[in-house]
Amino acid sequence: MKRILFFTMIAIFSTGSILAQKSALRDAKRALGRDDLKEARTLIQQASTNPETATDPETWKVMGDIGNKAFDNERTKTMLNQEAKEKVMYDGLLESYQPYLKADSLAELPDDKGKVRNRVRKDISNIVRANHPFYINGGVYYNEQKDYKKAADFFEIYWNIPALPMFEGQKDAFVLDSTYQTIKYYAIISAISAEQHERALAMLERVAKEPFIENSVYQESDIYELMASEYEKLGDSVKFVETLYLGAEKFPKSKYFLPTVINVLIRNGEGDKAMGYLDQAIVNDPSNSCDLNSVKGALLAEKGDYAAAEAEYKKALAQDPNCERALENLGRNYIIQAQEIKEETATLSSRQQQLENDKKTVELYQQSLPLLEKLEQVTKARNASQQEVNGVLMLLRNVYYNLSVLGVDKSAQLKVIEDQLNLEN
C-alpha cells in the first residue's frame, strides 16, 4: 500500500512540474500579447531550459515571436515617422531567427506514430520570408557601428534564408538576383573586417561552389583573390599557392593570379616554371609589357642568356619608352656583360686580345649610358625618393668611372654624379 502511495505521489509531483512549465509557456504568451516583452523573455527562458518544455516547438516559436515583436514595434514607429530605436529593432530581428529555426526543426520530428505534424512552419515561414530583406538593413546598421562580427551575422542570415528547409520546393519564394550575390560579398568582407578569418574562408569556399550572379560590386575572380589572401594571413602556404593556381586556371586574364604565381615561383627558385606562366601572362595582357617582359628578361639574364634578355627589355621599351624597370635592367644587362669581359681580360696575356676585349667593354658601357641617363630623368621627374634616385646615380657613377679608366673621358660627368651623391673624389 505504501509503495502504491509513493508512486502515486511521484506521479502527482511530476504532473505538477509539467503543468508549471506549461503554465510558464502560457504566461509567456500572455505577456507577449500585452507587449510586456521583459516578462515574456523571463518566462520563455524558464520554459526553454526545462526538460518538459524544452523540446516543445511552441516554446521556441514563442521565443522567436518575442524577438519579432520587438522588431515589429520599432519598425512600425519608423513607418509612422516616429522616433525608433534602431538597435532594439535589429537586435529583435536577430533574436527571432535561431528560435524560429529550432521551432521548425523540432516540429519536423515524427511523433509516436511516425507522423510529422509541423503546426508552426506556415506561420514561421511567412514571418521569416517577410523579414528577409531587413537583415540587409541590420547588417548595414552594425557595419556603421563598426561591429563587423554582428554585421556579418545579419548578412549571412540574409544569405542563408532562401536555402532553409522550410522553403524547400518554393522556387518563387525569393528573388535571387544581383543584390543577393552582393550581400554574400558583404558578409565575407564583414567577417574579414572582424578578423574572423576562418569564418571568412568558410564563406568564401561556400560562395565559390554556388552559382555566381553578375553584379556591379565585385567579379567572380575577387572571391578567389580574397580566398588566397585569407590563406596567406593564416600562414597556410600550401592552400595559398593551390588557390593561386586555381585562380590562374579559372581566370587567365586576371592581373592578380598569374603575376602572383610568377612571383611565388621566382621566390621559390623555379624560374623555368615561372617562364611558362610569364609567356601566358604576356599573351593575356600585352598592355603590361613593361612589367611582364622586364621580369622575363631578368629571368633570362639570370640564366646568362643576355641576348634573349635584351630582346625582352627592348619589347618593353618599344611599348613604353619610360619603363623604369626595362631601362634599369637593360642598363644592368650591358654592365654585367662588360664586367664579365673585364674579368676575362685580366687573365689574358695577349695584348691584342686585351685591346679587343677593352673595345667590347667600352661598347657595352656606352650602350648602358643613354638608358641610365634617361632613367635618372624619369625617376626625378616623378619625384622618386632620394634612395631610388641614389640607386640610379650609383649605376651611372660605375659606368662613368669605368669608361674613364678605359680611356673614354667622363670625368666631368663623374664629378656631377659624385657631387649629387656627396662623395669625395
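For the range 91-103, the criterion of being farther than 22 Å from Trp60 by Cβ and of a type outside the set (Asp, Glu) is satisfied by no residue at all.
Annotation: of all residues in the range 254-291 being surrounded by fewer than 17 Cβ atoms within 10 Å (Cβ to Cβ) and not in a helix (DSSP H, G or I), the one that is nearest to the chain's Cα centre (by Cα) is Lys255.
Sub-6 Å Cβ pairs linking a first residue in the range 255-272 that is free of Cβ contacts under 8 Å to residues at least 60 places away in the same chain to a second residue that is of a type in the set (Gly, Ala, Ser), at least 6 apart or interchain, are Phe257/Gly247; Phe257/Ala248; Leu258/Ala248; Leu258/Ala281; Val261/Ala248; Ile262/Ala274; Leu265/Ala274; Ile266/Ala274, ordered by first then second residue. For the range 206-225, the criterion of being in contact with a Lys or Arg (Cβ under 8 Å, 6 or more places away or on another chain), in a helix (DSSP H, G or I) and aromatic (Phe, Trp, Tyr) is met by at least one residue.
Just to verify a result, which residue in the range 165-194, among those that are over 30 Å from Ala107 (Cβ atoms) and of a type in the set (Val, Ile, Thr), is surrounded by the most Cβ atoms within 10 Å (Cβ to Cβ)?
Taking the range 165-194 as the starting set, the residues that turn out to be over 30 Å from Ala107 (Cβ atoms) are 177-179, 181-182, 185-186, 188-194.
Those left that are additionally of a type in the set (Val, Ile, Thr): 179, 182, 188-189, 192.
Working: Thr179: 14, Thr182: 17, Ile188: 28, Ile189: 20, Ile192: 21.
Restricting to residues being over 30 Å from Ala107 (Cβ atoms) and of a type in the set (Val, Ile, Thr), the top hit is Ile188.
No other residue among Leu330, Leu371 is under 28 Å from Lys296 (Cα atoms), buried (at least 19 other Cβ atoms within 10 Å of the Cβ), in contact with a Lys or Arg (Cβ under 8 Å, 6 or more places away or on another chain) and not hydroxyl-bearing (Ser, Thr, Tyr) apart from Leu330.
Could you list, in sequence order, all residues of the range 118-132 that are loosely packed, with under 13 Cβ neighbours inside 10 Å and outside any helix (DSSP H, G or I)?
Residues of the range 118-132 loosely packed, with under 13 Cβ neighbours inside 10 Å: 119, 122, 126, 130.
Arg119 - this is the single residue of the range 118-132 that is loosely packed, with under 13 Cβ neighbours inside 10 Å and outside any helix (DSSP H, G or I).
Residues that are within 24 Å of Leu396 (Cβ to Cβ) and not in a helix (DSSP H, G or I) were ranked within the range 304-345; the one that is farthest from the chain's Cα centre (by Cα) is Pro321. Within the range 34-64, the set of residues being under 22 Å from Lys87 (Cα atoms), free of Cβ contacts under 8 Å to residues at least 40 places away in the same chain, assigned to a helix (DSSP H, G or I) and not aliphatic (A, V, I, L, M) comprises Lys38, Glu39, Arg41, Thr42, Gln45. With the condition kept exactly as written, say whether any residue in the range 80-88 is under 23 Å from Ser125 (Cβ atoms) and not aromatic (Phe, Trp, Tyr). No, that holds for no residue.
Scanning the range 313-327 for residues that are surrounded by 20 or more Cβ atoms within 10 Å (Cβ to Cβ) and in contact (Cβ under 8 Å) with a residue 40 or more places away in the chain turns up just one, Leu327. All conditions in (1) in contact with a helix residue (DSSP H, G or I) (Cβ under 7 Å, 6 or more places away or on another chain); (2) more than 20 Å from Glu310 (Cα to Cα) hold for Asp409, with the sole exception of (1). Selection of the range 233-253 for residues being closer than 13 Å to Leu201 by Cβ, surrounded by fewer than 16 Cβ atoms within 10 Å (Cβ to Cβ) and either touching a residue at least 12 places away in the same chain (Cβ under 8 Å) or small (Gly, Ala, Ser) (or both) yields Lys233, Leu234, Gly235. Cβ-Cβ distances below 7 Å connect the following pairs, each with a first residue in the range 346-362 that is free of Cβ contacts under 8 Å to residues at least 12 places away in the same chain and assigned to a helix (DSSP H, G or I), a second residue that is surrounded by 11 or more Cβ atoms within 10 Å (Cβ to Cβ) and of a type in the set (A, V, I, L, M, F, W, C), and a separation of six or more residues or different chains: Gln354/Leu348. State whether one or more residues within the range 155-168 are at pLDDT below 95 and not in a helix (DSSP H, G or I). Taking every residue of the range 155-168 in turn, at least one turns out to be at pLDDT below 95 and not in a helix (DSSP H, G or I).
The values are calculated or read from the model by the stated rules, or taken from the named source; none is laboratory data. These numbers come from a predicted model, not from an experiment. Cβ atoms come from the backbone with ideal geometry, glycine included; neighbour counts cover every protein chain shown.
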